[in-house]
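Working notes for the structure below.
The values are calculated or read from the model by the stated rules, or taken from the named source; none is laboratory data. Only a predicted model underlies this, so the values are computations on that prediction, with no experimental measurement involved. Cβ placement follows ideal geometry from the backbone for every residue including glycine, while neighbour counts extend to all protein chains displayed. Side chains included, ligands, DNA and RNA excluded: accessible areas come from the protein's heavy atoms. Shrake-Rupley method; radii C 1.70, N 1.55, O 1.52, S 1.80 Å.
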Amino acid sequence: MRQIPRIQIAHLPTPIEPLSRLSAYLRGPHLYVKRDDQTGLALGGNKTRKLEFLIAEALTNGAKSIITTGALQSNHCRQTAAASARFGLDCTLILVGIPDRSPSGNLLLDHLFGAKILWASPGEQESLLQKTYHQAVEDGRSPYLVPYGGSSPTGAAAYAYAMQEMIAQEFHPDWIIFASSSGGTQAGLALGARIFGYKGNLLGISVDKKAEELCSQVVSLATETAKFLDLPFTFSSLDVLVDDAYLGDGYGVMGKMEKEAIQLFARHEGLILDPVYTGKAGAGLINLIQQGRFTKDEQVLFWHTGGTPAIFADRYQDIIG
Ligand SMILES: *Cc1c(COP(=O)(O)O)cnc(C)c1O
């Protein structure tokens, strides 16, 4: 396996904790959580792991500025802005939406970390990203473009190492369940499972697309990431499990199901799920337990991917209602 540059910003290994009260309440399998909501950079989340490799690659390339894009409440953009600040890199974020007069949640933090924010409609996101990148090249600002969700082979490699970390914690759950969107987390975990010999099931709960689309994205990214690391592995759709039954009303919409999951985790474990990602994945986990998908003696790991600041966003105020 080829070694690639890495900086150390994450608090690793993240703890694995039993969810005893939630397990008892749901009368299902033994539930555990891996705390990637506690990766340590600017309120944590899964993008911190990816940024250890992405920022390292940017610095190796001599970059002076970072450009990336995401939704208005993007955790990826918030963590990228924080990592950029930490390494003295200018950060420009292309956010989809309209300028917010009183920013809250992740957007508030983007401003706090000094990121320059450009607003785009969904249709112009990609073109504005390219334009901003080329302008930065012309201006001699040596930009490094971080793809959507940090999900390039460089970013995804981080989750292959995360799998190695879990195995080093001597934990071998029957199932690992997590929120999946741009596919980097799932592709990395799938590759890590292959490299380091994890034999359980990896189930991504889609938060924004149909299973077929996400699955093919994960398959290609896992295969590309293997190639990037000089590993002889290829992946097919048989290697990737995705469930799209919990899309609810779509990306970023907190419905009844997400709210119930958030409240259940909060009230039984004092644990915070977010309305966009882990709320949907948590709802999926609860529903799969209720459907009898797992036996009582199985161990199921909920890999918490973060998203905490979104619960403080204005649009999710009815989280307690
Ligand atoms: C980005 C993100 C995800 C999805 O990870 P991908 O690697 O894009 O699939 C899940 N949860 C949270 C909180 C995120 O910010």
**Message:** Under a Cβ-only charge scheme (Lys and Arg +1, Asp and Glu -1), can you give me the dipole magnitude of the chain about the Cα centre, in debye to the nearest 20?
**Reply:** 340 debye
**Complete:** Note to self: C-alpha centroids of region 159-220 and region 226-260 sit apart, in Å, by 8 Å
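So what is the diffusion coefficient of the chain in µm² per second by Stokes-Einstein at 20 °C and 1.002 mPa s, using a Kirkwood Rh over Cα pairs? Could you put the intermediate results ahead of the total?
Working: Rh = 19.7 Å.
Rounded to a whole number, D works out at 109 µm²/s.
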**Request:** For region 184-309, report the accessible area per residue in Å² (1.4 Å probe, heavy atoms, rounded to an integer).
**Result:** 40 Å²
**Asked** Taking amide H positions as placed 1.01 Å from N in the peptide plane, with prolines and chain starts having none, which residues 5 or more places from LEU19, or on another chain, fall under 5 Å of its amide H?
**Response** LEU31, TYR32, VAL33
**Item:** Whole-Hz ³J(HN,Hα) from phi, Karplus 6.51 cos²θ - 1.76 cosθ + 1.60, for region 100-114, glycine and proline x
**Value:** 9, 5, 10, x, 9, x, 4, 5, 4, 5, 3, 5, 4, 7, x
**Prompt:** So what are the ³J(HN,Hα) numbers for region 303-312, from phi and the Karplus equation (6.51, -1.76, 1.60; θ = phi - 60°), rounded to whole Hz, Gly and Pro as x?
**Reply:** 8, 6, 9, x, x, 3, x, 5, 5, 9
**Asked** Can you list the aspartates and glutamates whose alpha carbon sits under 13 Å from that of LYS256, skipping same-chain ones fewer than 8 residues off?
**Response** ASP318
**Request:** Would you mind calculating the relative contact order of the chain from Cα pairs under 8 angstrom and at least 6 residues apart, reporting the percent as a whole number?
**Result:** 22 percent
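Once you wrap a convex hull around the alpha carbon atoms of region 182-261, what is its projected area averaged over all directions, in nm²? Please report the intermediate quantities before stating the final value.
On the way: hull surface 22.6 nm².
For region 182-261, averaging the hull's shadow over all directions gives 5.6 nm².
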**Request:** Just name one of GLY200, MET166, GLY150: the one whose Cα is farthest towards the positive end of the charge dipole of region 122-200 (beta-carbon charges, Lys/Arg +1, Asp/Glu -1).
**Result:** GLY200
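Within the chain, what percent of beta bridges assigned by DSSP are antiparallel, to the nearest 5? Write down the numbers at each step before the final one.
On the way: 3 of 36 bridges.
Close to 10 percent.
Only Lys, Arg, Asp and Glu count, each charged at its Cβ (+1, +1, -1, -1), so figure out the dipole size of region 186-318 about its Cα centre, rounded to 20 debye. Mind showing how you got there, number by number?
On the way: 12 positive and 17 negative charges, 43 e Å.
About 200 debye.
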**Asked** Taking only protein heavy atoms and a 1.4 Å probe, what accessible area per residue, in Å², does region 31-118 have with all protein chains in place?
**Response** 33 Å²
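With a 1.4 Å probe and all protein chains left in place, how much of the accessible area of region 1-130 comes from carbon and sulfur atoms, in whole percent? Each step should come with its number before you reach the end.
Values: 2920 of 5550 Å².
Carbon plus sulfur share of accessible area: 53 percent.
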**Complete:** The answer for GluC sites (Glu not before Pro) in region 142-251 that fall in a DSSP coil and have at most 16 neighbouring Cβ atoms within 10 Å is GLU170
